[in-house]
Amino acid sequence: MIYGTQFDPDNNVVYALVTDAGEPAQAYRIDLAAGTRTKLAGRDDVSMSGFMLEGRNGSPFAVLSFADKPSVQYIKPQSGWAQLHAGLMKSFPGMMVSFSGVSRDNDKVMFRTWSDRDAGSVYIYERAAKKVQKLMDSRPWLPAARMASMKPIAFTARDGGKVYGFYTAPAGPGPHPLVVLPHGGPYEVSDSWGFDEEVQFLASRGYAVLQVNYRGSSGRGESYVQAGWKGWGTKIQDDITDAVKWTIDQKMTDANRICLFGASFGGYSALVQPVLNPGMYKCAIGYVGVYDLPLMRKTDNRNGQSDATERFFARTLGTDDVALGKVSPALRAGDIKVPVMLVHGKDDKTADFNQFKVMEAALKAAGNPAQVMLADGEGHGFVKPENRAEMYRKMEAFLAKYIGPGAK
């Protein structure tokens, strides 16, 4: 597979990201006339993400990757553009520098600085005058010094495979109460190092946050993605469980104060984890989640019920409704023994609103009614500031009740 291509002006030399057999993509220089390729940069465990170009339409001078912390590999270290970028990186220690645009005469460069603790700033650099001007700060009311650091982690799962993620600790000594924050997807999506408003919100309230790039996540090659196929309620959940146990073993997490919060597939994980791991968690928050997998196969409308959609589900989810029912929280509600909060938009067309209805009804029938927040006019994730603020206020109170300082 070849992607991310950049051509030299002669249209003979191509710079591309290449993966031959499902391994993480590496960066190559390909000579079309000669039929040869030369590896420029790469890592065995991380897919390269793209190139940085010399000026507006120039050749690549660096290769980027983002699977753990951002990495820049300069493939033309003598290039003036490489030296400019390296100099800016030194001028902003602890930050990533991303070029956003270049003027037609290649003199003015717009760039952005950002990190896990800093939402970012935008600047203009004039190459001829060697002058920098700040244009704006993103979220200037959130000082970086008060934000928490996101630490890349890696561990060996129960089947011997290596799994990756991020752990963000609040201020103060550990072990900390933990919120497990599984990402959505589940496939071809991943969490990445950088400023994450939900992570910082939780850390500011005293919780550590665990994000797991389980098998199925992007950034580690197609084989890593396919290793999670048909693993919604099995291998993927095993990876999340093993990550939690690893943080406990590392004395990073208070084993008696762990909750889950996730959206979409993350909402599914938040509700299925207590089924699979009785006693591990104190509460769970499902946000625009999917809870009944056989129902999802019948009602998913993201792309219409096309043959392509059906084939995708057959490959990645499976077609055995009995097996899927066994890992569907709505069909296992009696095994959910923790307090649950459900949040959903009434106009959600991705995780259909029926998913909320069946989950709420099942929990009520099981004698464990959920705390509920519904929003009119919201779809797959809240957009209106007032609804987002209300959700976070309710989340804060819910988490404090079950894993906060006074929780029992």
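Where a number appears in this text, it was derived from the coordinates with a stated rule and is not lab data. Since the structure is predicted, the reported quantities are computational estimates derived from the model, not experimental observations. Positions of Cβ are backbone-derived with ideal geometry, glycine not excepted, and every protein chain shown enters the neighbour counts.
Rounded to the nearest 20, the Cβ-based charge dipole of region 1-72 about its Cα centre (Lys and Arg +1, Asp and Glu -1) stands at 140 debye.
Dividing the radius of gyration of the alpha carbons in region 197-327 by their Kirkwood radius gives 0.99 for Rg/Rh.
DSSP assigns beta bridges within the chain; of those with both partners inside it, close to 70 percent run antiparallel.
Considering only alpha-carbon pairs that sit under 8 angstrom and 6 or more positions apart, the relative contact order computed for the chain is 10 percent.
Over 19 Å apart at the Cα level, from the set LYS251/LYS401; LYS108/LYS134; LYS337/LYS364, are LYS251/LYS401. In the chain, helices alone account for a calculated mean residue ellipticity at 222 nm of -8000 deg cm²/dmol, with every DSSP H run of four or more residues adding -39,500 (n - 2.57).
Residue-normalised convex hull volume from the C-alpha trace of region 100-169: 135 Å³ per residue. Panel order for LEU363, LEU40, LEU135, by other beta carbons found within 10 Å of each beta carbon, from fewest to most: LEU135, LEU40, LEU363. Using R0 = 35 Å, the C-beta based FRET efficiency linking ASP321 and ASN277 works out to 0.90. Quick check: from the Cα gyration tensor, does region 67-110 come out rounded (a/c under 1.5), prolate or oblate? Prolate.
Dimensions of region 254-408 based on its C-alpha atoms, expressed as ranges along the principal axes with the largest first, amount to 52, 35, 27 Å. Full extension of the chain segment joining ASP44 with VAL14 gains 8.6 nm, where the gain is 0.36 nm per residue of separation less the Cα-Cα distance. Remark: the Cα gyration tensor places region 1-72 in the oblate category, a/c being 1.5 or greater and a/b not exceeding b/c. The length gained on full extension between ARG158 and ASP105, counted as 0.36 nm times the residue separation minus their Cα-Cα distance, comes to 13.5 nm. Using the Cβ-Cβ distance between GLU390 and LYS349 with R0 = 22 Å, the FRET efficiency computed as 1/(1 + (r/R0)^6) comes to roughly 0.50. Listed values for region 106-116 are Karplus-derived 3J(HN,Hα) couplings in whole Hz (6.51 cos²θ - 1.76 cosθ + 1.60, θ = phi - 60°), namely 6, 8, 9, 10, 8, 9, 10, 10, 6, 7, 5, and x replaces Gly and Pro. Averaging 1/r over every pair of different alpha carbons in region 214-273 and inverting the result gives a Kirkwood radius of 12.4 Å. Multiplying the residue separation of GLN371 and ARG139 by 0.36 nm and subtracting their alpha-carbon distance yields 80.4 nm.
In this calculation the C-beta distance from GLN6 to ARG205 is compared with R0 = 60 Å, giving a FRET efficiency of 0.85. Distance between the 7 Å Cα→Cβ label points at ALA361 and ALA129: 6.7 nm.
Its Kirkwood hydrodynamic radius, worked out from the mean inverse distance over all distinct Cα pairs, puts region 322-408 at 14.2 Å.
Note on LYS90 and ASP335: the model spin-label points, each 7 Å out from Cα along the C-beta direction, lie 5.8 nm apart. Dimensions of the chain along the principal axes, based on C-alpha atoms and rounded to the nearest Å, stand at 70, 47, 44, largest first. Distance between the modelled labels on LYS69 and ALA308, one decimal in nanometres: 3.9 nm (7 Å Cα→Cβ projection). Counting neighbouring beta carbons within 10 Å and listing from fewest to most, the residues ARG56, ARG220 come out as ARG56, ARG220.
Panel note: the C-alpha atoms of region 24-176, placed on their principal axes, show extents of 54, 45, 20 Å (largest first).
Ordering CYS259, CYS283 by the number of other Cβ atoms within 10 Å of each residue's own Cβ, fewest first, gives CYS283, CYS259. Its Cα gyration tensor gives region 288-367 an equivalent ellipsoid. The semi-axes, each the square root of 5 times an eigenvalue, are 23, 16, 8 Å from largest down.
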